[in-house]
Structures are given as structure tokens and as C-alpha cells.
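> Sending over a structure as C-alpha cells; questions will come in a sec.
The values are calculated or read from the model by the stated rules, or taken from the named source; none is laboratory data. What you see is a predicted model; the values in this text were computed from it and never measured. Here the Cβ positions follow ideal geometry from the backbone for every residue, glycine too, while neighbour counts run over all protein chains shown.
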Amino acid sequence: MSLDRHHMLCLHTVLEGLRMGLCEFSGPSRAALIYACKPGAPLRVVDPQNLLRGHEPRIREYFIDSSEWREGLPAPEHVAFFDQFHARRLGLAGLVSLGGRANGVAYQMWFTEQHPDLCSPGPTRRWLELALRQFSISICNRDILALDAASNTLQAMAPHAVHDFIVDERARAIGPDTRLRVFNILSSIIQISKTPEEGAWARGRLAFVEPSRLSRLHYLAKLPKAERPRLDHSKHVRKMLLSVERTQRQLVSDGDHLIGMAQGDLPAGSLCALFNGRHGMLSLDGSPVCSFSDGAFQSSNRRPNLVTLEEALLEWPLDDTQRSTLFATVSRLVSIAGEQKYGCALIIDPYTPLLSLSGHSLETPMPLAGDERLALAAGLAKVDGALHLSAARNQLCAFACLMDGPSFPGEDRARGARYNSALRFTHSHPELIVVVVSSDRPVSVVQKGMDLSKPPTWPQVPSMLRPPPTLEEWLE
């Protein structure tokens with residue numbers, strides 16, 4: 001198969017549809033593909049934003065130095081439509097991958113980022129699976145008009161990816177013969193999350209249990225069959241959630257109606273939606289699947305991403321105990337600020353003696369061990385100014401500290417005063433780390449006048465891809 005204009009258009013359309021859909025679901029994302037058109041044809045690499053750079057040794061080992069990627073794959077003529085079961089995933093750190101064969105393209109392996117705050121890679125893999133199918137179908141059909149539909153389908157894949165993952169996992173857990181209509185459940189969850197009651201957004205747990213397993217629950221109260229609210233009556237369900245708001249109780253549904261209120265463990269194969277105001281979490285058998293907010297599903301677990309802080313602390317002269325204790329303390333303070341939705345800043349100071357800062361000093365530094373002291377430190381973080389923490393001793397030394405410094409070119413006028421003060425302050429004191437928590441949830445780790453947690457800048461995807469190089473050319 002020659003790389004004609006139609007072939008290149010299929011590559012560009014499917015790759016861009018996948019990437020744009022994942023950006024909506026997971027935040028800034030890249031996508032890449034390694035594929036072969038026919039058996040015996042050279043593998044080619046499509047990686048316009050350098051997602052696979054840095055993984056060359058493992059890619060060479062898997063695809064060049066061995067025939068590992070061919071093992072177990074059926075011949076294309078023996079694939080009725082799609083075969084993913086025999087294609088192994090290529091384990092690359094920080095990436096989600098999925099490979100397989102389908103009519104039209106002998107072999108494909110798709111890749112995208114595995115974000116640090118990803119609830120589960122399952123829905124993302126279902127997305128890659130659809131990209132694999134769409135690319136094969138587009139290559140075979142040679143229908144230019146159908147390419148726009150393929151791109152739009154990939155961009156709007158979020159509820160379908162979540163649905164397919166849940167259906168697959170439930171089939172493994174309890175078998176394929178189930179009566180829960182997952183897509184209707186997902187639609188109802190989104191609708192309930194958008195329905196306020198007396199100006200307040202939904203809070204509480206709503207569990208969806210396989211009808212044959214409802215008798216296993218410990219009910220506190222059960223509704224008569226003739227009076228059970230329908231799940232698609234979102235306003236009624238929203239009112240019923242008031243009965244379990246801010247408790248460990250949960251409303252129980254069979255996927256069509258509300259059954260009653262229960263507590264305790266759920267049977268295998270059960271879904272649970274935890275509504276928490278403007279956002280919520282969806283879990284299957286206690287494991288998170290995705291979150292939801294603003295009427296859409298998202299891959300984020302909504303926990304503060306402090307991976308860059310953990311990496312930065314590795315460069316400080318702390319032993320493992322000091323480092324892990326400090327990281328746990330900062331994580332807890334950031335988590336409390338996020339839960340209570342207030343902004344704050346934490347100055348982490350490795351100096352001995354500590355820097356002298358303008359603020360409210362404590363007569364004796366307060367150890368940050370125990371819930372009571374952490375709660376007090378979190379309360380002091382609400383006062384204007386920053387907390388001053390000793391890195392080596394895990395102590396709070398001062399609060400309401402001012403961060404000042406001369407202006408420099410690295411400032412970001414799109415962010416607020418707290419963020420830019422942290423940039424100026426760390427530019428003047430390069431050994432310090434400042435963690436900035438915004439009231440609208442973003443967390444920034446600032447050192448040496450730079451935001452370490454800021455997403456990297458990647459090359460723009462060109463409006464039309466060039467013919468992809470062979471794997472050997474790409475490796476060279």
C-alpha cells in the first residue's frame with residue numbers, strides 16, 4: 001500500500017481526532033502510532049509531537065532486536081474484523097499503549113500520555129482501540145466524506161470510552177449476562193450533577209447494583225415498588241440525594257428506579273457515583289474509573305499533582321525519612337486547601353539557619369506531626385501571606401509571610417499576585433521551593449523563578465502530516 005494522499009489524510013484525521021478528544025478528557029495530551037500497512041512491510045512511526053522520544057531503547061528492543069511484537073498475532077486474512085487480544089501492550093513508562101490488527105492495516109500500536117492524576121487507564125485504552133478501528137476502516141473505505149465523521153466520533157468519545165470500559169470490567173467480574181444499562185446510568189449521572197436543589201449542587205452517594213444482587217444489601221429503608229422514583233427523573237433523584245448527603249449512607253438503584261437507602265459494602269459489579277458539589281467521582285467495585293464536572297466525564301482523580309515537588313525534593317540533602325515526612329505534610333496541607341477551596345502558599349526552606357522572613361513568627365516552631373497541628377497549620381494558611389516550613393525538621397516556623405523580590409522577565413501576567421510573588425521570591429532565593437495553591441484548584445510548584453508543574457510546550461501538529469519515516473529511520 002503506497003502512502004498516497006488518502007493514506008496521509010487518514011493518518012492526520014484519526015490522529016488529530018484522537019488527540020483533541022483526549023485533551024478534553026485528560027488535559028493536554030499527545031498521541032503517536034507505530035504501524036505496518038501490510039505483512040512484511042516496514043514499520044512506520046507517526047509522532048508529530050515527540051511523544052516517543054526518550055523511549056528509543058525499549059522500542060528498538062521490542063520491534064527491531066526481537067520478533068516479540070509478532071508473536072501470537074494472526075495473519076490479516078484470518079482477522080474477521082479486529083484482533084487486540086493477541087497484541088501485547090508495550091510497557092513504556094508514563095505512556096498508555098494498545099496494539100492490534102484489523103482489516104486494511106496489518107499492525108498498529110497506538111500511544112498516549114498516562115497523566116499522573118489518571119483515575120484509570122482503561123477508558124483511555126478504549127479510546128485507542130477506537131482509533132485503531134477508525135484508521136483501518138478509513139484506509140479500506142477510501143471515503144473522504146467519512147473522515148470528518150471519524151474525527152468527530154473520536155473527539156466525542158468520552159462517555160463511550162467510560163461505558164465500554166465499565167461493560168468490559170463488569171463482564172469479567174460477574175459475566176456478560178447483566179441487566180444494568182450502563183449508558184443510561186452515565187447519562188443520568190451527568191444530568192443529576194447539573195441539577196441544583198434550592199441553589200445547592202448534588203452531594204452524596206448513588207449506587208447502581210445488578211438487580212439479581214439487590215437482596216445482598218443492608219437496607220436502612222426500602223421504597224414500595226409502586227412509588228420508586230425513575231432514574232431518568234433527575235429532579236426527583238436529586239431531591240432524594242438529600243437523605244444521604246454528607247453521610248456514609250447511599251441511595252441504591254437497579255439502573256431504572258431508586259430502590260431505597262442502604263449502608264455497608266456493595267456486591268461485585270456495582271457502580272457508585274459520589275457527588276461532591278460541582279464535581280464527583282465514578283467508581284466500579286471501589287476502584288475509581290473517572291471523575292465528572294461541568295456536564296462531562298474527565299480522567300482526573302482531582303487530587304493535587306505534586307509529582308514535580310517529589311522530584312525536586314530528591315535533589316535536597318534530606319534522608320528518606322525526612323523527605324517522605326515533608327512530602328506527606330505538604331500534600332496534606334495542599335489537599336485541605338483544595339477541599340475547602342481557598343488559596344495559599346507554602347515556602348519550603350532547606351536553609352540552616354532558616355531565612356528571616358517578614359511575617360508572624362512562632363515563639364517555638366510547631367512540629368507538623370498529628371492531625372491537630374496539621375489542621376491548625378491549614379487554618380493559618382488562610383491568613384494572607386505564606387506559611388514558612390522548615391524542610392529538615394518538618395516544622396511550621398511562621399505564617400502570613402510576605403514574598404517579595406524584584407520583577408524579572410519570567411513573570412506570568414495571566415496569573416494572580418500570589419503566583420507571581422512566588423516567581424519573584426524564588427528567583428531571588430533559588431534554593432527555596434514555594435507551593436502555590438489557587439482557590440480554583442490548580443497547584444503550582446515554583447523554584448528558581450520557574451513553575452516546575454507547568455505543562456511543557458510541544459511542537460504544533462502540522463495541518464498535514466508528512467510521510468512517516470520507517471522505524472529504522474526514526475531510530476537513527
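> Anything in the stretch 355-391 that is in contact (Cβ under 8 Å) with a residue 40 or more places away in the chain, aliphatic (A, V, I, L, M), under 21 Å from A422 (Cα atoms) and out of contact with any Pro (no Cβ under 9 Å at 6 or more places or on another chain)? List them, or say none.
Hits for the stretch 355-391 are L355, L357, A377, A378, A381, A386, L387, L389.
> Taking the residues in the stretch 439-448 that are among the polar types (S, T, N, Q) and buried (at least 19 other Cβ atoms within 10 Å of the Cβ) as candidates, determine which candidate is farthest from L15 (Cα to Cα).
The qualifying residue farthest from L15 (Cα to Cα) is Q447.
> Just for the stretch 223-239: of the residues that are within 23 Å of E197 (Cβ to Cβ) and charged (D, E, K, R), which one is surrounded by the fewest Cβ atoms within 10 Å (Cβ to Cβ)?
Per the criteria, the residue is E227.
> On to the next question. For the stretch 106-222, list the helices (runs of 4 or more DSSP H) that sit wholly inside it and hold at least 1 residues that are of a type in the set (A, V, I, L, M) and not assigned by TED's automatic domain parsing to the domain that holds K38; which are they?
158-174, 182-193
> Being buried (at least 19 other Cβ atoms within 10 Å of the Cβ), touching a residue at least 60 places away in the same chain (Cβ under 8 Å), in contact with a helix residue (DSSP H, G or I) (Cβ under 7 Å, 6 or more places away or on another chain) and of a type in the set (A, V, I, L, M, F, W, C) is true for just one of L258, L309, L251. Which residue is that?
Within the list L258, L309, L251, the selection yields L309.
> While we're looking at this one, here's another question. Being closer than 14 Å to L154 by Cβ and hydrophobic (A, V, I, L, M, F, W, C) is the requirement here; does V14 meet it?
yes
> Going by what's in this entry, would L452 be described as within 27 Å of the chain's Cα centre (by Cα) and either outside the structural domain of L314 (by TED's automatic domain parsing) or of a type outside the set (D, E, K, R) (or both)?
Judged against the criteria, L452 is a match.
> Any chance you could count how many residues in the stretch 449-465 are surrounded by fewer than 12 Cβ atoms within 10 Å (Cβ to Cβ) and over 17 Å from T112 (Cβ atoms)?
5
> While we're here: Within the set of pairs 6 or more residues apart or between chains, which connect a residue that is without any contact (Cβ under 8 Å) to a residue 12 or more places away in the chain and under 17 Å from C290 (Cβ atoms) inside the stretch 11-29 to a residue that is part of a helix (DSSP H, G or I) and small (G, A, S) with Cβ atoms less than 9 Å apart?
none
> Moving on. Which condition number in (1) crowded, with 20+ Cβ neighbours inside 10 Å; (2) in a helix (DSSP H, G or I); (3) in contact (Cβ under 8 Å) with a residue 40 or more places away in the chain is the one that T426 fails?
(3)
> Anything in the stretch 318-366 that is under 26 Å from G405 (Cβ atoms), hydrophobic (A, V, I, L, M, F, W, C) and in a helix (DSSP H, G or I)? List them, or say none.
Answer for the stretch 318-366, where residues must be under 26 Å from G405 (Cβ atoms), hydrophobic (A, V, I, L, M, F, W, C) and in a helix (DSSP H, G or I): L326, F327, V330, L333, V334, A337.
> Can you pull out the residues in the stretch 159-192 that are among the small types (G, A, S) and within 19 Å of the chain's Cα centre (by Cα)?
Correct list: A161 only.
Here's the yes/no breakdown for (1) outside the structural domain of G343 (by TED's automatic domain parsing); (2) without any contact (Cβ under 8 Å) to a residue 60 or more places away in the chain; (3) within 24 Å of S356 (Cβ to Cβ):
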| position | (1), (2), (3) |
| --- | --- |
| A414 | no, yes, no |
| R418 | no, no, yes |
| A422 | no, no, yes |
| V434 | no, no, yes |
| V437 | no, no, no |
| S444 | no, yes, no |
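> Right, another one. Can you tell me how many residues within the stretch 376-398 are of a type outside the set (G, A, S), surrounded by 20 or more Cβ atoms within 10 Å (Cβ to Cβ) and either more than 22 Å from L318 (Cβ to Cβ) or out of contact with any Leu (no Cβ under 9 Å at 6 or more places or on another chain) (or both)?
Result for the stretch 376-398: 0.
> If you scan the stretch 21-40, which residues turn out to be in contact with a Ser or Thr (Cβ under 8 Å, 6 or more places away or on another chain) and part of a helix (DSSP H, G or I)?
Answer for the stretch 21-40, where residues must be in contact with a Ser or Thr (Cβ under 8 Å, 6 or more places away or on another chain) and part of a helix (DSSP H, G or I): L22, C23, F25, S26.
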